[in-house]
Amino acid sequence: MSIFQFGPKGDCSFKSQLKSVFDQPIDGGKKNACFPDDSVASCAIITASVKCRDIRNEDGTLIDEDSLLDEGDWGFEVKFRATGNERANDRALTFIDFPLNWRFPPAKKGQLKGKFSAHEALFKLLGFGSAPSPCAQFEILDVLIRNRSDANYGIFARQGLSASYGN
């Protein structure tokens, strides 16, 4: 349980998008969408946008962090499952379940906003060749928001979970 709470107008929204890119060449010196140093590549580009509003501290005041910081204390975590078709037996095969986490920019006036790329996170973590296949299917297994300054590192919000103001 988190020490933070939603105010009366509090909520979070999550939106994800999948774009399959097939054999995309570098065009006019622009970076390839799949791999920055590759001339032709195919991959799946997964992005997520998250917005939360009216988040309150334990004392009921709106959360607000130093805007001079690159990132705040709030984190966004998502776990994806990538599956594909095993041609030999014509059945679904799980390639990998991969958890990813990011930091939100500093919170302002009770709000969190962020846009995150699974493709970029995997590239930074694992390097060249780590982008998901454009032919894979992706399932979202879990989505949650935490605050690292929370003494219990409690989950503040999770997909499918609701909270009330002023317990």
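The values are calculated or read from the model by the stated rules, or taken from the named source; none is laboratory data. Predicted, not measured: the structure shown is a model, and the values here were computed from it. Here Cβ is always computed from backbone atoms with ideal geometry, including for glycine, and neighbour counts include all displayed protein chains.
Laid out as a table, the results:
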quantity: Residues (surrounded by fewer than 16 Cβ atoms within 10 Å (Cβ to Cβ) and basic (Lys, Arg)) located in region 84-115; calculated: Arg87, Arg91, Lys108, Lys109, Lys113, Lys115
quantity: Test: residue in region 81-100 that is of a type outside the set (S, T, N, Q), under 30 Å from Pro132 (Cα atoms) and modelled with pLDDT of 90 or more; calculated: no
quantity: Ala118 being modelled with pLDDT of 80 or more, of a type in the set (A, V, I, L, M) and under 15 Å from Lys51 (Cα atoms); calculated: no
quantity: Residue selected from region 62-75 under the condition farther than 19 Å from Met1 by Cβ and either polar (S, T, N, Q) or surrounded by 13 or more Cβ atoms within 10 Å (Cβ to Cβ) (or both), by the criterion modelled with the lowest pLDDT; calculated: Ser67
quantity: In region 20-58, residue modelled with the lowest pLDDT [restricted to those that are surrounded by 13 or more Cβ atoms within 10 Å (Cβ to Cβ), more than 22 Å from the chain's Cα centre (by Cα) and in a loop (DSSP other than H, G, I, E, B)]; calculated: Ile26
